[in-house]
Amino acid sequence: MDDHDVPLSVRAADDRENIGVNPTTGARFETMMAARGVAASDARENDGVNPSTEPSIDDLVAARFGRRAALKGLSAAATLAMLAGTGAVGALSPRQARAATPTGGSSLTFKELPHGYDEDHHVAEGYQAQVLIRWGDKVLPGAPAFAPQALTAAAQSAQFGYNNDYVGYFPLPRGSQSSDHGLLAVNHEYTDRQLMFPGIGPEDQDKQTAEMIDVELAAHGHSVIEIRREGERWSVVEDSPYNRRLTALATPFLVTGPAAGHDRLKTKADPTGTQVIGTLNNCAGGTTPWGTVLIAEENVHQYFRGTGAATAESANYKRMGITDKPAYDWARFHDRFDVSKELNEANRFGWMVEFDPYDPASVPKKRTALGRFKHEAATTILNADGRLAVYCGDDEAFEYVYKFITTGKVDPANPAANADLLDDGVLFVGKFSADGALRWIPLVHGQGPLTAANGFNSQADVLIEARRAADLLGATPMDRPEDVEPNPVTGTVFMNLTNNTKRKDDRIDAANPRAGNGHGHVIEMIPPGERGKRDHAASEYTWDIFLLAGNPANPKDGARYGAGGVSESGWLSCPDNMAFDNQGRIWISTDGAPKAGIADGIWAADVEGPGRAVTRHFYSTPRGAEMCGPCFTPDNTTFFVAVQHPGDEAKATYENPVTRWPDFKADLPPRPSVVAITRKAGGFIGV
C-alpha cells in the first residue's frame, strides 16, 4: 500500500530514543515530544533525515572489510551476496558467502503473510492467533470486571496492566519442560493516557486527577498468570495462587549489589537506600537458568520532574535525559517524582530487576551490579566454565551494548544457591572495530578513567552512572541497541538495532554503516570457541552484520538480507525484540514499521545455511500497535506475542480510536493484549 495513505504510529518514547542524550554525539535531548501523541513521522522529519546521504556500497564494504578489499574487489560469492536481487544485498561475510548458495532456501515453510496495515491482527495461513489476556482482565482474586469509563487504582492493581511488553514462559511444575501448563511473566511498560481515559488528550497531564495518575502507576509493572492449554486453546487459571501483580504504586522492591545502601540512593522515605516502591517502564527482559525472571527498567527519565540543577546529580540526570517537562507529571501528586523535593529517587530506577515467579511471596530485587541505564532486556546464557553471561542493550540513539559476567558459578541442581549470583560480577561495554573485532571493556572502579578524578569514588558510582563510565571508556555508540540475545543452538549473540535517524554521514562506522538509519539492522556477535562451547567471558569477539533492514526495492534504503533475497513481504523495518526457536532460527519483532507503510509484526529467518537472513513475514499487528514479547513454549508448539499500544496514532483518543482491537465493541477502547499462536492442525511453529 502507499505509505502516504497510512497514518504513522505514535510513540513519543521512540522519538526520545532517536534524539539521544549521549554527549559524545553532540546530540541534545529535547522535550518537545514529552507527551505521547506526537506523530513519529513529524519527529523524524524534524530530524532532517535525507536518504540520499546514505553511504555507497563501496563505502560500506570499505568500512566493514577495509579500503583494500573495496579496491581489489571481494570474492565472487561475496560480491554476488552483496548485489543479488533487486537491491537485496546479502548480509554475509565473505566466509559465509562462500559457504552458502544464493538460493534463498529457507527451512521455514509456512506461507508468508502479505504486508498490510488495518484494524485487526493477522497470522500466516494455517495458524490461529488467540487473544489470551487483555488490559483490565482479572489477575488477582476479587478483581472487578473491566470498567473502562470508571477506572480505579484499586481495580487496576488486581487487573492485567497496560502495554504488555516482555513475555516469559515458565513451565509447571518447576524444572519440567511442560508446554501445556505454566506461568506467563509479562511486563507492563508504560501507559497511553489518551487511549485509557475519556476526555484526556496526550498532552493533558494537567487535566489528570490524582486517581487517574494512581491508575497509571498501578498499570505499570508486571503480571504473573498461570495458564493451561487444552487442545489448541489456552486459558488463564482463575484465582491461581501464582497469579500476581507488581505495580509502580505499591509493590516493595529491594536494592542489592554494589550500589545498595549508597548515599545517592537514600531518600526521606528510605534512609537505608535499599527499599524502593515500584518499578518503571519495564520493557523487555529475560530468564535465568534457575527459573527466575529478569525485567528491565528502560525509559525511567520520563517520570521525574526537574534536572537536579546546582546539585551533585545535575550531570548524571542530564545524561539520563531527565528534564523539567516529563511525559508523566506524577510529581503533582507524588513528591518522590519531583527531583527538587526528593533528589535521589531517580537514581533508584534504571536497573535490572530479578524475582521468582514461582514464589508469589518473593520480593523483587534491583540488581545494581548490572548497571543503571535504559535497559531494554537482560538475556542469559550459561558459559562453559559455569559462570552466567547476561547481555543488555541501552535503548537510545548512540548508546551502548553491555554484558555482565558473574563471579560465581551456577549450581544447576540447587536454584536457591544461585539466589544472589547476580550481585557479584563484572559489567562490560562493547567497542566495535572496522576489522570485525569486538572488544569488551570492563566497567571497574579504579581502572582506566574510572577514578575519583572523574567523579567515580566507588564501584557504586560507576554503576549509577554507567553511561558516563562507558563514554569515558570509548565504547561504540550504536543505533538504539534493543534486544541482545544469545542463540541457544549456535552460541552466537544477536543484537537488534532499531533505528537512528540522527546519525549523520560523518558519524557512520562499520557497525552502524548508514546515515539517517530509519530502518535499523541486526548484528551477530561471535564469542571465541566452537559451536555450543563458546566463551562468553572472553574479552575479544568477532562480529558481523546479519541484515540491514528496509525495503530492498528502494535502493535508498540500503537494505541487505540473505543471499537469495527476500519476497515482497519478507522485508522488515525497525527490529526490536527477538526469540529463538529450538532449531536456532531467529524470530524478530518490530517497532516502527508503520512509517515504512507496513504494520509491525514478526519476521523469521534461518541464521545458517542458504536461508540465512532471508526473513519471512509471519504475523502483523493492528493499526498503531508495536510488536513485543516473542516467546516459545519449550516444545515450540505455541508462540506468545504481545501487542502493545494498539491504536496509538496521531489524534487517536479514547472516544475516537483508529481501532477497537481486540474486542471491536463500541463501548470498549483498544486494549494491549498477549496473543497465543498455534498451528490449526497442531505441531511446530514455522512449518
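The values are calculated or read from the model by the stated rules, or taken from the named source; none is laboratory data. The model shown is predicted, which means the values in this text are computed figures rather than measured ones. Here the Cβ is made from the backbone with ideal geometry for all residues, glycine too, and neighbour counts use every protein chain on show. Each accessible area value is taken on the protein alone, full model and side chains, heavy atoms only, with ligands, DNA and RNA left out. Shrake-Rupley method; radii C 1.70, N 1.55, O 1.52, S 1.80 Å.
The figures follow:
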quantity	calculated
Test result for Pro144, at pLDDT 55 or above, open to solvent by 50 Å² or more (accessible area, probe 1.4 Å) and over 30 Å from His220 (Cα atoms)	no
Scope region 315-336; condition acidic (Asp, Glu) and under 29 Å from Phe456 (Cβ atoms); matching residues	Asp324
Subset tally (residues that are more than 20 Å from Leu294 (Cα to Cα) and either of a type in the set (Asp, Glu) or touching a strand residue (DSSP E or B) at 6+ places or on another chain (Cβ under 6 Å) (or both)) for region 236-264	6
Test: residue in region 573-585 that is within 21 Å of the chain's Cα centre (by Cα), more than 29 Å from Gln128 (Cβ to Cβ) and of a type in the set (A, V, I, L, M, F, W, C)	no
Of all residues in region 147-169 being open to solvent by 10 Å² or more (accessible area, probe 1.4 Å) and among the aromatic types (Phe, Trp, Tyr), the one that is nearest to Thr637 (Cα to Cα)	Tyr169
Residue within region 649-657 that is among the β-branched types (Val, Ile, Thr), closer than 16 Å to Asp600 by Cα and in contact (Cβ under 8 Å) with a residue 24 or more places away in the chain present	no
Criterion (within 13 Å of Ala605 (Cα to Cα) and among the hydroxyl-bearing types (Ser, Thr, Tyr)) met by exactly one of Tyr541, Tyr561	Tyr561
Residue pairs meeting the criteria (Cβ under 6 Å; at least 6 apart or on separate chains; first modelled with pLDDT of 95 or more, in region 391-404; second assigned to a strand (DSSP E or B) and of a type in the set (Ser, Thr, Tyr))	Tyr391/Thr379; Cys392/Tyr402; Lys403/Tyr391
From Glu342, Glu354, residue being at pLDDT 95 or above, of a type in the set (Asp, Glu) and either farther than 20 Å from Ala259 by Cα or not in a loop (DSSP other than H, G, I, E, B) (or both)	Glu354
Test result for Phe632, touching a residue at least 60 places away in the same chain (Cβ under 8 Å), under 30 Å from Pro171 (Cα atoms), open to solvent by 10 Å² or more (accessible area, probe 1.4 Å) and aromatic (Phe, Trp, Tyr)	yes
Scope region 275-298; condition more than 13 Å from Ala346 (Cα to Cα), surrounded by fewer than 24 Cβ atoms within 10 Å (Cβ to Cβ) and over 17 Å from the mean Cα position of the chain (by Cα); matching residues	Gln275, Thr288, Pro289, Trp290, Gly291
Filter result for Glu354 (touching a residue at least 24 places away in the same chain (Cβ under 8 Å) and buried (at least 23 other Cβ atoms within 10 Å of the Cβ))	yes
Region 504-544 - residue that is open to solvent by less than 10 Å² (accessible area, probe 1.4 Å) and of a type in the set (S, T, N, Q) and, of those, farthest from Ala596 (Cα to Cα)	Asn512
Top-ranked residue in region 396-422 [being part of a strand (DSSP E or B) and of a type in the set (Gly, Ala, Ser); ranked as surrounded by the fewest Cβ atoms within 10 Å (Cβ to Cβ)]	Gly408
When residues of region 401-429 are limited to those that are in contact with a Pro (Cβ under 9 Å, 6 or more places away or on another chain) and not β-branched (Val, Ile, Thr), the one farthest from Pro513 (Cα to Cα)	Pro415
Which listed residue, of Ala315, Ala331, is within 20 Å of Ala218 (Cα to Cα) and modelled with pLDDT of 95 or more	Ala331
Among the candidates Glu216, Glu203, Glu211, residue that is open to solvent by 10 Å² or more (accessible area, probe 1.4 Å) and either closer than 26 Å to Asp591 by Cβ or under 26 Å from the mean Cα position of the chain (by Cα) (or both)	Glu203
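Okay, residues lined up against (1) among the hydroxyl-bearing types (Ser, Thr, Tyr); (2) within 27 Å of Tyr317 (Cα to Cα):
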| position | (1), (2) |
| --- | --- |
| Pro477 | no, yes |
| Pro486 | no, no |
| Thr490 | yes, no |
| Leu497 | no, yes |
| Ile508 | no, no |
| Ile523 | no, no |
| Pro527 | no, no |
| Arg531 | no, no |
| Arg534 | no, no |
